[in-house]
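Let me begin by presenting the structure, written as structure tokens, before commenting on it.
The values are calculated or read from the model by the stated rules, or taken from the named source; none is laboratory data. Small disclaimer: the values here were computed from a predicted structure and weren't measured. Every residue, glycine among them, receives a Cβ derived from its backbone with ideal geometry; neighbour counts consider all protein chains shown. Heads up: the accessible areas ignore ligands, DNA and RNA and are worked out on the full protein's heavy atoms, side chains in. Shrake-Rupley method; radii C 1.70, N 1.55, O 1.52, S 1.80 Å.
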Amino acid sequence: PAVTSPCKILKCNSEFWAATSGSHHLGAEEAPEFCTALRAYAHCTRRTARTCRGDLAYHSAVHGIDDLMVQHNCSKDGPTSQPRLRTLPPGDSQERSDSPEICHYEKSFHKHSAAPNYTHCGLFGDPHLRTFTDTFQTCKVQGAWPLIDNNYLNVQVTNTPVLPGSSATATSKLTIIFKSFQECVDQKVYQAEMDELPAAFADGSKNGGDKHGANSLKITEKVSGQHIEIQAKYIGTTIVVRQVGRYLTFAVRMPEEVVNAVEDRDSQGLYLCLRGCPLNQQIDFQTIRSAQATEGRARRKGPSLPAPPEAFTYETATAKCREKLPVEDLYFQSCVFDLLTTGDVNFMLAAYYAFEDVKMLHSNKDKLHLYERTRDLTPGNTAPTGTHPTLWVALLCLCWLCLL
């Protein structure tokens, strides 16, 4: 079964940040509420102390709580409920008008040139990868793999088996490191795991830190525990992370200039969003799908075999996927593939949301749908969709005879 860390310090961090959002603007009369939230934070860390013994984020949080207790003259004894404190006024939540120009990608890097070209990469399901060059792959990539690694940020995913003994894997952990950048942002780390999608960075903050352009990096929670969005304006990048069922999906919109900003170009071979999965990690999606369709037809003709309640046939899988994905592109086909290999209907939703993210993030609306570029079998038909080579030979011979 998929393994996830029992340490829940990220949850403690995000709960404290949610309770104290805007606390740096609070007056003295609201200090008791801050202390209440701080005691709740301390109580949360104590509950997870045994499982977080070797976790650096946990130890950092414990020391930070002690410092805040002293700074705000908070007593360790008292109520620990978490009242929601006053949120920031709308004007304060925006990027400061005096923020350095270098902290806004489009204003700084392209002031006197054409608008930048944006690219998209996404990872979802069992897992399926859409690269920055719009190549679509289905991969194994079990364990930890670098998804993005350039001069500005690093993204690593961990994929674990969906079922014991199965080759089907899905993303169970995601780590994003935003590297310190000039006067804009401090280094920030975002971590998400199965059943743990924080709305804050690992240190509890929601922006780029104490630098002048800190708000050029921000986290927004769209749906609690299910959907977060990270805006990194200083590099013109938008990242969407979702939890669908138990597993995570990832999508990013990034300028080509940032995509290719790598000091050692030889190391880009490990950069999955740019180079794709290694050949020995790729799954022949088309062959397996054709076999699934053939097996489904054979099952109809032969004696019916009992199946577990969660199992899908090829026909029921295609019908289910068509509910959310009416166009039979590669997102639809990946949905069918995942339902047949996992039996988990949440993988249909993962494919659906992955395509929704493409619609939001991809700059070329003519390339939203991807289709197989090689010969494939259509459901219920053994003939290839393309013209058969023998037909081309016959046509060539006919033309030759006409010339004679």
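Looking only at region 169-183, filter to residues that are touching a Pro at 6+ places or on another chain (Cβ under 7 Å) and open to solvent by less than 50 Å² (accessible area, probe 1.4 Å); which one of those is farthest from residue 210 (Cα to Cα)? It would help to see each step written out before you state the result.
Filtering region 169-183 for residues touching a Pro at 6+ places or on another chain (Cβ under 7 Å) gives 169-171, 183.
If we keep only those that are open to solvent by less than 50 Å² (accessible area, probe 1.4 Å) too, we end up with 169-171.
Details: 169: 39, 170: 36, 171: 32 Å.
Top of the filtered list is 169.
Against the condition outside any loop (DSSP other than H, G, I, E, B), closer than 25 Å to residue 224 by Cα and modelled with pLDDT of 80 or more, how does residue 52 come out, does it pass?
No, not satisfied.
So which pairs qualify, if the first residue must be in region 129-144 and without any contact (Cβ under 8 Å) to a residue 24 or more places away in the chain, the second must be open to solvent by less than 10 Å² (accessible area, probe 1.4 Å), the Cβ gap must be under 6 Å, and the two must be at least 6 apart or on different chains?
Matching pairs, first to second residue: none at all.
Return the total of residues in region 202-256 being without any contact (Cβ under 8 Å) to a residue 24 or more places away in the chain and crowded, with 22+ Cβ neighbours inside 10 Å.
0
Pairs, please: C-beta under 6 Å, at least 6 apart or cross-chain, first residue under 15 Å from residue 181 (Cα atoms) and in region 149-169, second of a type in the set (Gly, Ala, Ser)?
Close Cβ pairs satisfying both conditions: 150/261; 151/261.
Being more than 14 Å from the chain's Cα centre (by Cα), within 18 Å of residue 103 (Cα to Cα) and of a type in the set (Val, Ile, Thr) is the filter here; which residues of region 140-189 pass it?
Answer for region 140-189, where residues must be more than 14 Å from the chain's Cα centre (by Cα), within 18 Å of residue 103 (Cα to Cα) and of a type in the set (Val, Ile, Thr): just 185.
Only one of (1) out of contact with any strand residue (DSSP E or B) (no Cβ under 9 Å at 6 or more places or on another chain); (2) of a type outside the set (S, T, N, Q); (3) closer than 21 Å to residue 263 by Cα fails for residue 163. Which number is that?
(3)
Take the residues of region 335-346 that are of a type outside the set (Asp, Glu) and open to solvent by less than 10 Å² (accessible area, probe 1.4 Å): which is nearest to residue 252 (Cα to Cα)? Outline the logic, then answer.
Initially, region 335-346 is screened for residues of a type outside the set (Asp, Glu), giving 335-337, 339-343, 345-346.
Subsequent filtering for residues that are open to solvent by less than 10 Å² (accessible area, probe 1.4 Å) retains 335-337, 339.
Numbers: 335: 20, 336: 24, 337: 24, 339: 25 Å.
Among them, the one singled out is 335.
Residue 67: outside the structural domain of residue 12 (by the TED database), at negative phi and exposed (fewer than 11 other Cβ atoms within 10 Å of the Cβ), yes or no? Quick ask: steps written out before the conclusion?
Details: outside the structural domain of residue 12 (by the TED database): no; at negative phi: yes; exposed (fewer than 11 other Cβ atoms within 10 Å of the Cβ): yes.
For residue 67, the condition - outside the structural domain of residue 12 (by the TED database), at negative phi and exposed (fewer than 11 other Cβ atoms within 10 Å of the Cβ) - is not met.
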